[in-house]
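For reference, the structure discussed in these notes is given below.
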Amino acid sequence: MLAGNTASAMSNHCRLLPRVLLILAACIAVSALPGCGEGGSKAKETKTAGEYFPVKLGDRTVRLQLAVKPMEMQTGLMDRPTLGADDGMIFVYVRPQELSFWMRNTLIPLDVGYCDSKGVLQEVWQMYPHDERAVKSRSKELQFAVEMKQGWFRDHGVKPGAKIDLGALRQALEARGFEPKVFGLN
């Protein structure tokens with residue numbers, strides 16, 4: 001009788017095994033869905049500091065990298081041998097202030113454009129490779145600094161009064177994982 005019950009129990013287990021394996025496989029597949037494919041709800045991929053974002057500056061669309069974290073701001077465009085014709089970097093500050101830049105370890109002659117919290121270009125200054133003298137703003141109400149190749153502002157007619165597209169900047173900040181409201185960009 002023991003042998004008969006064992007055989008019967010084994011038979012029931014053998015019939016259940018494929019069902020258990022199928023349920024287990026389904027659970028594993030469902031738990032993997034959020035991280036794969038286009039159909040799943042995957043978390044947004046945060047962009048890096050090295051990525052460029054299209055931002056309109058005056059009437060011209062440029063490609064800007066964002067310097068937001070302290071180390072990104074300290075490094076800026078240091079040690080780069082080249083820069084694309086319409087490529088640059090925007091330094092984004094939490095609140096308006098006086099700005100000051102220098103060219104330590106910077107190989108490319110640059111212009112720096114200082115903008116207020118509304119994205120209006122207020123000042124443009126030339127900066128020269130390896131010059132460690134501070135290029136201070138006159139205004140104490142500036143929140144963004146845009147570095148481009150020297151002569152870019154002049155060559156493209158982008159003068160004080162021109163604006164940065166703050167909507168595009170807001171999107172770029174979000175793509176980098178920053179909350180635009182922290183920078184007054186609602």
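What follows draws every value from the coordinates through simple rules; no lab data is involved. Everything quoted here is computed from the prediction, not taken from an experiment. Heads up, the Cβs are rebuilt from the backbone with ideal geometry, glycines too, and the neighbour counts pull from every protein chain shown.
Table for the structure above
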read-out: Segment 123-165 shape via C-alpha gyration tensor axes, a/c threshold 1.5; value: oblate
read-out: For segment 53-183, size of Cβ-based charge dipole, Lys and Arg +1, Asp and Glu -1, in debye; value: 220 debye
read-out: Distribution of pairwise C-alpha distances over segment 42-186, 10 Å bins, in %; value: 12, 46, 36, 5, 1
read-out: For Gln143, distant residues with modelled amide H under 5 Å away; value: Gln97, Cys115, Asp116, Ser117
read-out: Where labels lie 7 Å past Cα in the beta-carbon direction, separation of Val94 and Arg170 in nm; value: 2.1 nm
read-out: Order of Phe153, Phe178 under a 10 Å beta carbon neighbour criterion, fewest first; value: Phe178, Phe153
read-out: Amide hydrogen neighbours beyond the local backbone of Val62, cut-off 5 Å, H modeled; value: Val55, Lys56, Leu57
read-out: Highest-first arrangement of 45-51, 87-93, 136-142, 98-104, where packing means the average Cβ count within 10 Å; value: 87-93, 98-104, 136-142, 45-51
read-out: In Hz, Karplus ³J(HN,Hα) per residue of segment 153-159 (6.51, -1.76, 1.60; θ = phi - 60°; x = Gly, Pro); value: 4, 4, 5, 10, x, 8, 10
read-out: Karplus-derived 3J(HN,Hα), 6.51/-1.76/1.60, for each residue of segment 173-182, Hz, glycine and proline x; value: 4, 4, 5, 7, x, 9, 8, x, 4, 4
